[in-house]
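Since every read-out is calculated from the coordinates, none of them should be taken as a lab result. Here the structure is a predicted model, which means the values were calculated and not measured. So basically every Cβ, Gly included, is an ideal-geometry build from the backbone, and we count neighbours across all protein chains shown.
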Amino acid sequence: MELLKRFYGINGKSGHEAQIKEFFVEQLAGLELSVEEEAFGNIFITKGVADSYPCVTAHLDEVHSPTERNIVVDGDMIYAVNGCGERVGIGADDKNGLWIIVRLLHSKPVLKVALFVQEERDGEMPGCRGSRACSLAFFDDVRYILAVDRKVNNEVVTVGKGNIRLCDNDFIPNDLLQKYSYMCVDGGRTDVVALKERGLHVPCCNISCGYYNAHKPEEYSVFTHLENSLAFVSDIIDRV
Ligand SMILES: [Zn+2]
């Protein structure tokens, strides 16, 4: 949980992701990987050598503006308050995804990772700016892309906003869905939806990672839900 609390302590409002990027890369010290920052500022990571890779994605930015954040752990629940004791957002959307990916990069021998900047809408600016601007060549040798950027604890988004089909409903084996109590749902817009709109052919989906009340001061995470999400994603990578 300490790593997660440190992630929450860093503000990474859209367009200001330098600090969160640096912190993320620090967590990979000692691992043999290729880390590349591409032209728009997205981070692309490759671990291991393979003909085809599983790929996981999350976004580096959050909607919240910088403010004092005191992280509170209450049993299984994590949230933050400011100096006056008022609730403030933690950017669990999508630092929970970043936390899962750090863990996967330590445990999996072969993995590709795409971390996008500027996923969130910002005033008049539309979202998914990083995933709309990146080169798609990085994904030429991936079998699929699992986004870990979905609220709550039991959803796999297989159809994105605009009726964009991300993958077939049997892409994730049914016994894995049951083991971790997940179900396939229609969902909103996120980076994998933007990649699909641009013509990416491989199956994608967006998996719940244990955050609640995203984009609100009352945002919080449930740590056991986040751990369940990590175990689910890890099993998918081992099987699919
Ligand atoms: Zn998000």
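Can you tell me which residue in the range 147-180 is nearest to the ligand (Cβ to nearest atom), limited to those that are surrounded by fewer than 16 Cβ atoms within 10 Å (Cβ to Cβ) and in contact (Cβ under 8 Å) with a residue 40 or more places away in the chain?
Of everything passing the filter in the range 147-180, V152 is nearest to the ligand (Cβ to nearest atom).
Here is a check on your reading of the model: is A58 within 16 Å of the ligand (Cβ to nearest atom) and in a strand (DSSP E or B)?
It is true that A58 is within 16 Å of the ligand (Cβ to nearest atom) and in a strand (DSSP E or B).
Got a number for residues in the range 81-118 being within 12 Å of the ligand (Cβ to nearest atom), over 26 Å from A137 (Cα atoms) and either in a strand (DSSP E or B) or touching a Cys at 6+ places or on another chain (Cβ under 7 Å) (or both)?
Count: 1.
Sort out which residues of the range 62-98 are charged (D, E, K, R) and surrounded by 12 or more Cβ atoms within 10 Å (Cβ to Cβ), and write them in order of number.
E62, R69, D76, R87, D93, D94, K95
Within the range 188-201, is there a residue that is among the basic types (K, R), at negative phi and crowded, with 17+ Cβ neighbours inside 10 Å?
yes
Within the range 19-33, track down each residue that is surrounded by 11 or more Cβ atoms within 10 Å (Cβ to Cβ) and outside any loop (DSSP other than H, G, I, E, B).
Keep residues of the range 19-33 that are surrounded by 11 or more Cβ atoms within 10 Å (Cβ to Cβ), which gives 19-21, 23-25, 27-28, 31, 33.
Matches in the range 19-33: Q19, I20, K21, F23, F24, V25.
Please specify each residue of the range 205-217 satisfying the condition of being away from the ligand (no atom under 11 Å from the Cβ) and either touching an Asp or Glu at 6+ places or on another chain (Cβ under 9 Å) or free of Cβ contacts under 8 Å to residues at least 40 places away in the same chain (or both). Walk me through it before giving the result.
First, pick out the residues of the range 205-217 that are away from the ligand (no atom under 11 Å from the Cβ): 205, 207-208, 210, 212-213, 216-217.
Once the filter is applied, which keeps residues that are away from the ligand (no atom under 11 Å from the Cβ) and either touching an Asp or Glu at 6+ places or on another chain (Cβ under 9 Å) or free of Cβ contacts under 8 Å to residues at least 40 places away in the same chain (or both), the range 205-217 yields I207, S208, G210, Y212, N213, P217.
Would you mind stating whether F7 is within 15 Å of the ligand (Cβ to nearest atom) and either in a helix (DSSP H, G or I) or within 22 Å of L200 (Cβ to Cβ) (or both)?
Yes.
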